[in-house]
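Have a look at the structure below, then the notes.
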Amino acid sequence: MSLFKKSEAISIDGPAGSGKSTVSRRVAEKLGFAYIDTGAMYRALTLKVMNEGISFDDEEKITELSHDLDLKLIPTTEGKCTIRVILDGKDVSEAIRELGVTRNVKHVARIASVRKNMVKLQRRMVSNLDGAVMEGRDIGTVVLPGAKYKFYVDASFDERVIRRLKELAAKGKVVTREEVAEDLKQRDHTDKTRKVGPLKKADDAIFVDTTDMTIDEVVDEVVGYMRNSLR
Ligand code: DC
């Protein structure tokens, strides 16, 4: 049985390539908590906007879509996926990871009214669950400022580029190191300079530098920190 109260929430924020998704999923598994990938939520909304041919300038329509989003996140251990994402009853787990969506998420994630709806939905998800690990960019700062355990995971830029290259190679995608580096640099910039809900370490979050750590080591450090805080 878990030592931690199931009503507790854990926030894990960090940039792309920091190892945050795998770590969050594994920590959730270890504690018997639910896992919520908020990046997948912004990605699913972006896909919907693209599929419906809505302009990224049409903030009103995008806000409307974010209000009525029919989205389910189902944990899975199949392949490299951490969750299956069901949008309007259809499995879009792979589609939301495509380059087109990755490049366009920023247009949706910068809209204040969209973020307001997403934050509401994310809080509702946590309140309906018996213990959750929620990962994203603004979880410790905006979505769950009162979370009992908060973590911010990061790694050196070079290490994050290498991880992303490996991930893409495993999917059979051929990209150069320069392309990956440029892409990460731009994503960091948009994530950190967004006016609402930017990527930021909460003052009371624990910083974990994963550069020279394996996933197992990071998971152990996160759970170990939680255990120690109970003493
Ligand atoms: O975690 P990810 O790379 O799948 O997230 C995709 C994008 O979604 C990310 O570049 C910014 C946005 N995002 C956000 O704005 N707020 C969050 N809480 C999570 C993700």
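Nothing in this text is a laboratory measurement; each read-out follows from the coordinates by a stated rule. From a predicted model like this one, the values you see are computed outputs, not experimental measurements. Cβ: placed from backbone, ideal geometry, glycine included. Neighbour counts: every protein chain shown.
Take every DSSP beta bridge whose two residues both sit in the chain; close to 30 percent of them are antiparallel. Between the stretch 142-208 and the stretch 40-65, how many Å separate their Cα centres? Result: 22 Å between the Cα centres. Across the chain, the mean sequence separation of Cα contacts (distance under 8 Å, 6 or more residues apart), normalised by length, yields a relative contact order of 33 percent. Sparsely packed loop sites in the stretch 8-53 (the GluC sites (Glu not before Pro) outside DSSP H, G, I, E and B with at most 12 other Cβ atoms within 10 Å) comprise Glu52.
Before anything else, pin down the relative contact order of the stretch 135-231: Cα pairs under 8 Å, at least 6 apart, normalised by residue count, whole percent. It comes to 43 percent, rounded to a whole number. Shown here for the stretch 34-122: chymotrypsin sites (Phe, Trp or Tyr not before Pro) in loop regions (DSSP other than H, G, I, E, B) with at most 13 other Cβ atoms within 10 Å, of which there are none. When Ile139, Ile86, Ile10 are arranged by Cβ crowding within 10 Å, least crowded first, meaning fewest neighbours, the order is Ile86, Ile10, Ile139.
The GluC sites (Glu not before Pro) of the stretch 59-135 that meet both conditions, a loop assignment by DSSP and at most 11 other Cβ atoms within 10 Å of the site Cβ, are Glu78.
When the Gaussian network model of the chain links Cα atoms closer than 10 Å, the mean-square fluctuations of Val108, Val153, Val92 top out at Val92. This ranking places Arg227, Arg123, Arg97 by how few other beta-carbon atoms lie within 10 Å of each, fewest first, which gives Arg227, Arg123, Arg97. Cross-link reach is defined here as a Cα-Cα straight distance under 16 Å, omitting same-chain residues fewer than 8 places apart; for Lys195 the aspartates and glutamates meeting it are Glu59, Asp138. Remark: for residue pairs Lys90/Lys192; Lys20/Lys166; Lys30/Lys185; Lys48/Lys90; Lys72/Lys173, the C-alpha separation exceeds 21 Å in Lys90/Lys192; Lys30/Lys185; Lys72/Lys173. Please enumerate, by chain and number, the aspartates and glutamates with C-alpha under 12 Å from the C-alpha of Lys148, excluding those fewer than 8 residues away in the same chain. The qualifying aspartates and glutamates are Glu8, Asp204.
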